[in-house]
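Heads up, the thing below is written out as structure tokens.
The values are calculated or read from the model by the stated rules, or taken from the named source; none is laboratory data. Note that the coordinates shown come from a computational prediction; the quantities given were computed from them, not determined experimentally. Because the Cβ atoms are built from the backbone with ideal geometry, glycine has one as well, and the counts that use them run over all protein chains shown. Accessible surface areas use protein heavy atoms only, side chains included; no ligands, DNA or RNA. Shrake-Rupley method; radii C 1.70, N 1.55, O 1.52, S 1.80 Å.
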Amino acid sequence: MYTDLELFNPQLFADNLGNKPVDLFRNVLKHGHTVLKERFQASKNAINYVTQRAWFIDQVLLQVWQQYCGDMNQDTIALVAVGGYGRSELHPHSDIDLLLLLKEPLADTTQIEKLVMLLWDIRLNIGHSVRTLKECEQEAIEDITVATNLMEARLLTGSEKLFKTMQTATVPLWSTKKFFAAKTEEQRQRHQKYDDTADNLEPNIKEGPGGLRDIQMIGWIAKRHFGATTLHDLVQHSFLTEKEYQILQEGQKFLWEIRCLLHLTAERNEERLLFDFQRTLAKAYDYQDDEAGLGVEKLMRQYYRTVKKINTLNDMLLQLFQEAILYTNVPASVYKLNKRFQIRNNFIEAIHDKVFLIYPFALLEIFLLIQQYPQIKGIRASTIRLILHYNYLIDSIFCQDLCNRSLFMEIFRQPQGLTRALRQMNRYGILPAYIPEFEKIAGRMQYDLFHVYTVDQHTLFVVRNLRRLFLSEHSDEFPFCSKLSKNIPKPELLYLAGLFHDIAKGRGGDHAKLGEKDAINFCKLHDLNNRDARLVGWMTRNHLLMSTTVQRQDISDPDVIKTFAHQIEEPNHLDYLFLLTVADIRATNSKLWTNWKESLLIDLYHKTHALLHHGQGYVLNKQLHIQDIQKEARILLNRLSFNKKINKLWKDLGDEYFLCSSPKDVARETKAILTHEDANSPLVLERSATKGGTEFIMIYTQNKDHLFAETSYFLEQQNLTIIDAYIIPTQGKYTISGYTVVGENGKKLQYKELVIEILHGLEQALTCDSDSSFDPITRRIPRQIKHFSVPTQVKFTQDHINNHTVIELITTDQPGVLSRIAQVFISCEVRIKRAKIATFGTKAEDIFFITDYENHALYSSEQLNCLNKELVESLDMSTTKIV
């Protein structure tokens, strides 16, 4: 029998037991916790920790039982450990699940109540139930979770006969088939909660796919079907190989270590690997920041790779169990595909266990067959095991073989099943073996809130998104993209670009340029002609071009369109790049894709398309473009009798206003300005039919140096986010400005009354005299932001043609950041002409086009130094409360 006198000394306990048992028990628990913690910190041995803590809690509970229930009839009651505690596994802050088992209901429950109260008083985190035998049976019938807990029950003290009677009564309640079906459905629902992926930024190490619960799932089925007491028993039953058993053991050992560290660091029963703890755990594992990446990224990569292996084995073993439990007596329907593969009950399998050894190309062929035969539900577990065993055959010689190269490309050219094929190829190690560069991004996370998946999972999501654009059943998701996909002569080139666009991440240097080289080399190896290879390489190198253009530049400026069109090179490149851009953004972060961003991309596409097709429908000459806008606006205003006033107003507004406005907007706003009764009060209007679920607010007011600051402050107070803005001083004493805004979570304001209220409030705010100081905007924001503060960076460039200075500003996104920037502009006597606002996770990347108060670019080093210094101080020393 195990004894650990340092952890718990029964004689010492008895000697100290006096009038204050609660204090003694608390001190004993505190001492035990300290001893276990020190041992773990010295050894990182989680197996010892969980088993020793379970033993320690056993001793404490036995003493409690002796003190409070020792005089009860021990033949009619039992204290039972259930759940993880029943398995003798207790992590630092795991719940201590107990069952107080009764032969019959108690007439007097006073002693039981005192027992439970004491356990709480001594600060044991217990989960308890008090049940009779009959109640155990009833609960087990109704709830598979209860049945599972009772299956793992362990007697602590009391009636052994009663305990065994309970086991005998409850175990047969669920037949093996029903038990398996219920547990697999339970796992399906559990995985669904985590989007069926283990690659979440803050994964749940217990409940998430590939987590500890998946290992326990294997153990539960094994125990129920085979009566197995350990996972190694499955090796004896030929359900596990020794190698697979070692993978599960090593995976559990790593996850137990992580869980122990997590509990001790959080000082609570925390199963989520939150950002709050990831850096601390990385340091505990001695992962260092270096050129290869951050220490925390290395820890998380080890985690993602570990759970991927567990998840794969879990799937394979559950399928083996399914065949053994559900299909044992089901007649087999076998259809032979060729001399290597056949379909058995709608699952593809190798005809014999040497198929891949004799025909290595079959490691690719099997996935092509799955695409070509839609009735195939999956791969038989025995064949999955063969794939995992023989994927080492995929080496450089294998990849140079013409047959293998042809098979790989044929997978990409199939009209269906590409997404499924790539996911399976990645899961079973085929894809990273065939493309070694893909292995380098497997499990690689990027420690920010912008990229919500690992690089390999993001890549597969991109290909999935691209594939859906070509399927008629998904044409309603993105109609413009689906229409555009019909112009793509070779979709496989687009899929290859999706596969390679991020393949060089984490290597250092420009990942787009490095990826271009990898993509071209791959295409040439696979016998694509030079034109196609260059196109795949071009898409890889330029996969960020379209999104950065709409986020960082003024696409209403014809010069911007000219520059962008020059980079596109050829008309068909635009179609390819647009689809890749949409697929990439949507696969990066679900919150990143908005109707506003879609409308900007479509706008850029149309303007560029017109230019590349020799000006059809669009003339890229500023003056001619402005004349066309004014001409159409005049037609809309032809019934008005103030033509001379129109000419004067339009001359006063200047060119930039017309570049930012449609003819309809010009006509409506011209009429509103000319009929505005109080010239001293601001005119605030909403533009109708705005793009992409946004609101556009136009302001026409007398010149105010604090206009942007006052406006942004008011809008941020209303929980609105400014995503685009322009401020145009007229040639007279007025300023016309426009703000594109969205509501909370990037959504359009739902109620017209709310919009009217905001417009009225803004008008009042701009009417009041204000100084240049504003109270800080404080708002509850997610706790994650404090882990991703971004040091403020300021970069100046001079635009001599347009006579303004461009500020590129990178800082932490938080409430009130824009109004704080505006206040710095006031302090340094700077005027804003235009602002482009973009947010990537917790990082704000904003572009401001500014001038001095004379509307000239800033050339004074004194003014530029003022801006740089005050922006950094204001933004980096922010006292915004983060909760």
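Taking Cα pairs under 8 Å and at least six residues apart, what relative contact order does the stretch 207-320 come out at, in percent?
Working: 92 pairs, mean separation 40.1, N = 114.
Reported as a whole number, the value is 35 percent.
Could you order Ile370, Ile756 by accessible surface area, starting with the largest, using a probe radius of 1.4 Å?
Working: Ile370 10, Ile756 95 Å².
Descending order: Ile756, Ile370.
Positive end of the charge dipole of the chain (Lys, Arg +1 and Asp, Glu -1 on Cβ, about the Cα centre): tell me which of Tyr495, Leu155, Leu17 has its Cα farthest that way.
Highest projection toward the positive end goes to Tyr495.
Quick one: 3J(HN,Hα) in Hz for the stretch 320-336, Karplus 6.51/-1.76/1.60 with θ = phi - 60°, rounded, Gly and Pro as x.
So the Karplus estimates, Gly and Pro as x, are 4, 4, 4, 5, 6, 8, 8, 10, 4, 9, 8, x, 7, 9, 10, 10, 7 Hz.
Give me the lysines in straight-line cross-link reach of Lys704: C-alpha distance below 24 Å, same-chain residues under 8 apart excluded.
Lys645, Lys648, Lys651, Lys671, Lys733, Lys833, Lys836
What is the set of long-range amide H partners of Thr157 at a cut-off below 5 Å, with H atoms built 1.01 Å from backbone N?
Amide H to amide H, under 5 Å and 5 or more residues apart or across chains, Thr157 pairs with Leu79.
Nearest 20 debye, what's the magnitude of the dipole of the stretch 498-642 about its Cα centre given +1 on Lys and Arg Cβ and -1 on Asp and Glu Cβ?
Values: 18 positive and 17 negative charges, 50 e Å.
Here the stretch 498-642 has a charge dipole of around 240 debye.
Are there cysteines in the chain with no other Cys C-beta under 4.7 Å, and if so, which?
Taking the Cβ cut-off of 4.7 Å, the unpaired cysteines of the chain are Cys69, Cys136, Cys260, Cys399, Cys403, Cys481, Cys523, Cys660, Cys768.
Report the charge-dipole magnitude of the stretch 13-144 in Debye, nearest 20, computed about the Cα centre from +1 at each Lys and Arg Cβ and -1 at each Asp and Glu Cβ.
The dipole of the stretch 13-144 has a size of about 760 debye.
How much accessible area per residue does the chain have, in Å², with a 1.4 Å probe? Write out the running numbers ahead of the final one.
On the way: 40170 Å² over 883 residues.
Accessible surface, normalised per residue, equals 45 Å².
Show me 108-121, 218-231 ranked by packing, highest mean number of other Cβ atoms within 10 Å first. Walk me through the numbers before you get to the answer.
Values: 108-121: 14.1, 218-231: 18.0.
Going from most to least packed, we get 218-231, 108-121.
Rounded to whole Hz and in sequence order, give me ³J(HN,Hα) for the stretch 569-580 from the Karplus expression 6.51 cos²θ - 1.76 cosθ + 1.60, θ = phi - 60°, writing x for Gly and Pro.
Going residue by residue, I get 6, 10, x, 5, 4, 4, 5, 4, 5, 4, 5, 5 Hz, with x marking Gly and Pro.
Rounded to a whole number, what % of the accessible area of the stretch 46-89 do carbon and sulfur atoms account for, probe 1.4 Å? Walk me through the numbers before you get to the answer.
Numbers: 620 of 1490 Å².
Carbon and sulfur: 42 percent of the exposed surface of the stretch 46-89.
Of all the Cα-Cα pairs you can form in the stretch 1-139, what percent are over 19 Å apart? Walk me through the numbers before you get to the answer.
On the way: 5159 of 9591 pairs.
Percentage above 19 Å: 54.
Sum up the lysine pairs in the stretch 1-160 that clear both bars: alpha-carbon distance under 27 Å and a spacing of 8 or more or different chains. Intermediate results must be reported in sequence, preceding the final value.
Details: Lys20/Lys30; Lys20/Lys37; Lys20/Lys114; Lys30/Lys44; Lys30/Lys114; Lys103/Lys114; Lys103/Lys134; Lys114/Lys134.
Lysine pairs meeting both conditions in the stretch 1-160 amount to 8.
How would Lys440, Lys622 rank on accessible area, largest to smallest, probe 1.4 Å?
Working: Lys440 110, Lys622 55 Å².
Solvent-accessible surface, decreasing: Lys440, Lys622.
When the dipole is taken about the Cα centre of the chain, and only Lys, Arg (+1) and Asp, Glu (-1) are charged at their Cβ, what size is it in debye, to the nearest 20?
Working: 104 positive and 109 negative charges, 469 e Å.
Approximately 2260 debye in magnitude.
Any of Lys664/Lys843; Lys223/Lys309; Lys193/Lys309; Lys298/Lys795; Lys308/Lys786; Lys206/Lys309 with alpha carbons more than 26 Å apart? Name them for me. Don't skip to the answer; put the middle values down first.
Numbers: Lys664/Lys843 36 Å; Lys223/Lys309 22 Å; Lys193/Lys309 20 Å; Lys298/Lys795 31 Å; Lys308/Lys786 29 Å; Lys206/Lys309 15 Å.
Going by Cα-Cα distance, Lys664/Lys843; Lys298/Lys795; Lys308/Lys786 fall outside the 26 Å limit.
Would you mind checking which residues have amide H under 5 Å from Ala844's amide H? H placed 1.01 Å from N; only 5 or more apart, or other chain.
Correct list: Thr811, Thr812, Asp813.
Run down the aspartates and glutamates and flag those whose C-alpha is under 18 Å from the C-alpha of Lys631, throwing out any fewer than 8 positions away in its chain.
Once the sequence-local aspartates and glutamates are set aside, what remains near Lys631 is Asp652, Asp655, Glu656, Asp665, Glu669.
Tell me, what HN-Hα J-couplings in whole Hz come from the Karplus equation 6.51 cos²θ - 1.76 cosθ + 1.60 at θ = phi - 60° for each residue of the stretch 419-430, using x for Gly and Pro?
Running phi through 6.51 cos²θ - 1.76 cosθ + 1.60 with θ = phi - 60° gives 4, 4, 4, 5, 5, 5, 5, 6, 4, 9, x, 6 Hz.
Can you tell which of Ala512, Met166, Thr812 lies farthest toward the positive end of the dipole of the chain, using +1 and -1 charges on the Cβ of basic and acidic side chains (Lys, Arg; Asp, Glu)?
Highest projection toward the positive end goes to Ala512.
Using DSSP to define loop residues, name the chymotrypsin sites (Phe, Trp or Tyr not before Pro) in the stretch 807-883 whose beta-carbon has at most 13 other beta-carbon atoms within 10 Å.
On the way: sites: Phe825, Phe840, Phe848, Phe849, Tyr853, Tyr859; in loops: Tyr853, Tyr859.
For chymotrypsin sites (Phe, Trp or Tyr not before Pro) across the stretch 807-883 that sit outside H, G, I, E and B with at most 13 neighbouring Cβ atoms in 10 Å, the list reads Tyr853, Tyr859.
Let me have the relative contact order for the stretch 302-440, percent, based on Cα pairs under 8 Å that are six or more residues apart.
22
Looking at the chain, send over the antiparallel percent of its DSSP beta bridges, to the nearest 5. Before the final figure, lay out each step's value.
On the way: 64 of 73 bridges.
For the chain, the DSSP antiparallel bridge percentage is about 90.
Using modelled backbone amide H atoms (1.01 Å from N, in-plane), which distant-in-sequence or interchain residues come within less than 5 Å of His128's amide H?
Excluding prolines and chain starts, which carry no amide H, the hits are Leu98.
Relative contact order for the chain: what percent, with Cα pairs under 8 Å and sequence separation of 6 or more?
It rounds to 6 percent for the chain.
Using helices alone, what [θ] at 222 nm do you get for the chain, with -39,500 (n - 2.57) per DSSP H run of 4 or more residues, divided over all residues and rounded to the nearest 500?
Working: 39 runs with 474 residues, N = 883.
Counting only the DSSP helices, I get -16500 deg cm²/dmol.
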